[in-house]
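Report on the following structure.
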Amino acid sequence: MLNISKSVLNRKVDLSDYKAVIRVSHRRHYKHFNRFLVVFAVIFVIILFLPWTQNVSGKGFLTTLTPDQRPQTIQSPIPGRIEKWFVREGDFVEKGDTILHISEIKNEYFDPNLVQRTGQQIKAKEMSVTSYQEKVKALDAQIAALTTERALKLEQARNKLLQAKLKVESDSIDFEAAKTNILIAQRQFDRTTQLESEGLKAVTDVEEKRLKLQETQAKIISQENKLLASKNEVLNAQVEITRVEAEYADKISKARSEKFTAQSNQFDSEAQVTKLENEFTNYSIRNDLYYIRAPQTGFINKAIQGGIGETFKEGDRLVGIMPAKYDMAVETFVEPIDLPLIHLGEKVRIQFDGWPVIIFSGWPNVSYGTYGGVVVAIETFISDNGKYRILLAPDPEDHPWPKDLRVGSGANTIALLEDVPIWFELWRQLNGFPPNYYQPENNSANAAKK
C-alpha cells in the first residue's frame with residue numbers, strides 16, 4: 001500500500017497475528033545491512049586507491065612477420081586459356097611444382113615452331129653479317145692496293161717529270177751551244193769574206209764558211225725545237241701527276257664509299273640479329289610461362305579461375321597459395337590519439353579469438369589466457385579505417401603462442417602503460433581524457449643521455 005489514505009489501517013486492524021507481518025516487521029536485519037554497507041564502502045574506498053595499469057586496446061588479426069610469408073595469389077604475366085589443372089584445393093606443393101598448364105590466345109604466337117624459326121632467322125642474319133664483314137675486309141684490301149698503286153704511279157710520273165726537266169736542261173745547254181756556234185760561224189764567215197775581198201782567201205773558202213753558217217743556223221732552229229718539246233714534256237709530266245692523283249682519288253673514294261655502305265649494312269644486320277635474339281629469348285621465356293608453377297612451398301587455398309578453356313588476361317589472379325613456413329605476428333590498429341603512447345619494443349598482451357581468456361585490462365598479473373607480444377613496427381601513415389597499424393611479434397620472454405593459430409583469425413590487444421590509482425582512471429574515463437603520456441624507461445634514459 002502507498003499509505004496515502006487518511007484512514008490509517010494499522011491502527012484499526014491488528015496485524016501482529018500474521019506470520020508474514022511478524023517476519024517482516026522485526027528490525028534485526030537493519031543492523032546486518034548497515035554493517036554490509038559500511039564494509040562495502042570501506043572496501044570500495046580501498047579499491048579506489050589500488051593501482052590500475054592504463055592501457056591502449058586495439059583489435060586486429062593474425063598475419064605473418066614478413067611480407068613474403070603472407071597468403072598470396074599467383075598471376076600469369078601473359079594472357080591465355082586454361083588447359084589442365086595439376087592440383088586441387090588444399091594440396092601441398094613444393095616450390096617449382098606445376099599448378100596448371102595454359103595455352104596461347106594471341107594469333108602472333110600460335111606457331112608451335114616459332115622459337116625454331118626465329119633461331120633460323122638469327123643464323124641467316126648472322127651469315128649476312130659475316131658476308132658484310134668479309135666485304136669490308138675485301139674493300140680495305142682494295143683501298144690499300146689502290147693506295148700503293150697510286151704511290152707507285154705518282155712516283156713513276158714524278159720520275160718522268162724529273163727526266164723531262166733534265167732533258168730541258170740538256171736541250172737548253174745544247175741550244176746555248178748552238179747559239180755560240182752560230183756566233184762563231186758568223187764571225188768566221190765575216191772574217192773569211194773580208195779576207196776574200198782583200199784577196200787573201202779564195203772564193204771557195206767563203207762558200208764553205210757560208211755553208212757552215214747556214215748549217216749552224218739550221219741546227220740552232222732544230223735545237224730550239226727540241227728545247228720547246230722538252231718543256232712540253234715537263235708540262236705533260238705535271239699533267240700526268242695531276243691526272244694520276246685525281247684518278248686514284250676517285251677510285252679510293254669509290255672503294256671507301258662501298259666500304260661504308262657495307263659497314264652500314266653490317267651494322268643494320270647486327271641490329272636485326274640483336275632484335276631477333278631478343279625475340280628468341282622472349283619466345284623461349286614465353287613458352288616456359290605456359291606452365292604456372294608454385295613460387296614457394298605451401299598449400300593451395302583457392303582456385304580463383306576455374307574450369308577448362310576459360311580465358312584470362314595478363315595479371316589476372318589464378319590461384320591462391322599459403323606458404324607452409326611462416327613466422328606468426330599480429331596486425332592491430334589503434335586510435336590516432338593513442339599512437340604517441342606506442343613505442344617499438346614495448347610489451348603487449350594479446351587475446352586470440354577462440355581461446356578461453358579472462359581479462360582484467362588494468363591488472364595484467366591476474367589476467368588468464370593472454371599471450372605476450374612485442375611491438376616491431378609502427379605505421380607512419382593512417383590506414384583506410386582511420387587508425388594506425390601496429391605489427392606485433394611473439395614475446396621471446398613469455399610463453400609461446402598456440403601452435404594451432406591460423407593466419408587471418410581475430411585478436412584483441414592491450415598495450416600496458418603506467419600505473420595510476422583506480423579513482424584517477426575512473427575520473428579520466430568519465431571525462432573522456434586520453435591516458436597519461438607514456439615514455440618507456442629505456443627511451444627516457446636515452447633521451448637524457450642525448
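The values are calculated or read from the model by the stated rules, or taken from the named source; none is laboratory data. These numbers come from a predicted model, not from an experiment. Ideal geometry is used to build each Cβ from the backbone, glycine not excepted, and the neighbour counts take in all protein chains shown.
Values for this structure:
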quantity: Where Val129 falls short, out of the listed (1) surrounded by 12 or more Cβ atoms within 10 Å (Cβ to Cβ); (2) more than 23 Å from Glu279 (Cβ to Cβ); (3) over 31 Å from the mean Cα position of the chain (by Cα); calculated: (2)
quantity: Qualifying residue in segment 370-378 (condition: surrounded by 12 or more Cβ atoms within 10 Å (Cβ to Cβ), closer than 27 Å to Pro51 by Cα and at pLDDT below 85); calculated: yes
quantity: Among residues of segment 98-107, those that are among the charged types (D, E, K, R) and surrounded by 14 or more Cβ atoms within 10 Å (Cβ to Cβ), counted; calculated: 1
quantity: Residue in segment 51-65 that is in a loop (DSSP other than H, G, I, E, B), outside the structural domain of Gly309 (by TED's automatic domain parsing) and at pLDDT 85 or above present; calculated: yes
quantity: Complete set of residues in segment 300-349 that are surrounded by fewer than 17 Cβ atoms within 10 Å (Cβ to Cβ), outside any strand (DSSP E or B) and charged (D, E, K, R); calculated: Glu310, Lys313, Glu314, Asp316, Lys325, Asp327, Glu335
quantity: Residue in segment 108-122 that is at pLDDT below 90, more than 30 Å from Gln223 (Cα to Cα), in contact with a Pro (Cβ under 9 Å, 6 or more places away or on another chain) and loosely packed, with under 12 Cβ neighbours inside 10 Å present; calculated: no
quantity: Matching residues, segment 72-127, being charged (D, E, K, R) and more than 17 Å from Tyr291 (Cα to Cα); calculated: Glu89, Asp91, Glu108, Asp111, Arg117, Lys123, Lys125, Glu126
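Conditions (1) over 30 Å from Gly309 (Cβ atoms); (2) assigned to a loop (DSSP other than H, G, I, E, B), marked per residue:
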residue	(1), (2)
Lys95	no, yes
Asp111	no, yes
Val115	no, no
Ala124	yes, no
Gln133	yes, no
Lys160	yes, no
Gln186	yes, no
